[in-house]
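Structure, as structure tokens:
What follows draws every value from the coordinates through simple rules; no lab data is involved. Quick caveat, the model's predicted, so the values are computed rather than measured. FYI the Cβ positions are ideal-geometry reconstructions off the backbone, even for glycines, and counts take in every protein chain you see.
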Amino acid sequence: MPTRAAIARNEAFFRAVNEGIAEASERFESEEAEFLCECGNEDCTHRLEVPLEEYEQVRESPTQFLVKRGHVLPEVEEVVVRRRRYTIVDKVDRVAAQIVRRLNPRARPA
């Protein structure tokens, strides 16, 4: 089992990749995009179809992530919303939350 820190770094990495997917999808005026699952499993390759509007709502919180149903890691996160094809989770572990906030690509410099 990976450490809480490793889980947080994996999730932050997938979030960073998805930011590029969202940016490209917006340029092409798409209404939804196929994002990578942002779970803590570094080997996960699942894709999630998510409306861009909902993706943007998730990104409003630096501790929320999109994961495939069944990919929730209760030791570091809790379910916020369940959708048919994906789940939105929020970090409840203090260490994981701190790491994902620090690695948030939308964070404003201090």
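Tell me the Kirkwood radius of the stretch 1-79: reciprocal of the mean inverse pair distance over distinct alpha-carbon atoms, in Å. Each step should come with its number before you reach the end.
Numbers: mean 1/r = 0.0779 Å⁻¹.
In the stretch 1-79 this quantity evaluates to 12.8 Å.
Give me the percent relative contact order of the chain, please, defined on Cα pairs under 8 angstrom at least 6 residues apart. All intermediate terms of the calculation are to be shown ahead of the outcome.
Values: 174 pairs, mean separation 28.7, N = 110.
In percent, rounded to a whole number, it is 26.
For THR45 and GLU19, FRET efficiency with R0 = 25 Å and r from the beta-carbon atoms, rounded to 0.05? Intermediate values should be presented prior to the final figure.
Values: r = 18 Å, r/R0 = 0.72.
Computed FRET efficiency for GLU19 and THR45: 0.85.
Would you work out which of LEU52, VAL100, SER30 lies farthest towards the positive end of the dipole of the chain? Charges go on Cβ: Lys and Arg +1, Asp and Glu -1.
About the Cα centre, the residue reaching furthest to the positive side is VAL100.
Express in nm, to one decimal, how much length is gained between ARG102 and ARG27 on full extension, taking 0.36 nm for each residue of separation and deducting their alpha carbon distance.
Using 0.36 nm per residue and subtracting the Cα-Cα distance, I get 24.3 nm.
Which GluC sites (Glu not before Pro) in the stretch 67-110 sit in a loop by DSSP (not H, G, I, E or B) and have at most 12 other Cβ atoms within 10 Å of their own Cβ?
Numbers: sites: GLU75, GLU77, GLU78; in loops: GLU75.
Taking the stretch 67-110 and a limit of 12 other Cβ atoms within 10 Å, the loop GluC sites (Glu not before Pro) found are GLU75.
For ARG85 and GLN57, compute 0.36 nm times the residue count separating them, minus their Cα-Cα distance, and round to one decimal in nm.
On the way: separation 28, 0.36 × 28 = 10.08 nm, distance 1.69 nm.
So the chain would gain 8.4 nm between ARG85 and GLN57.
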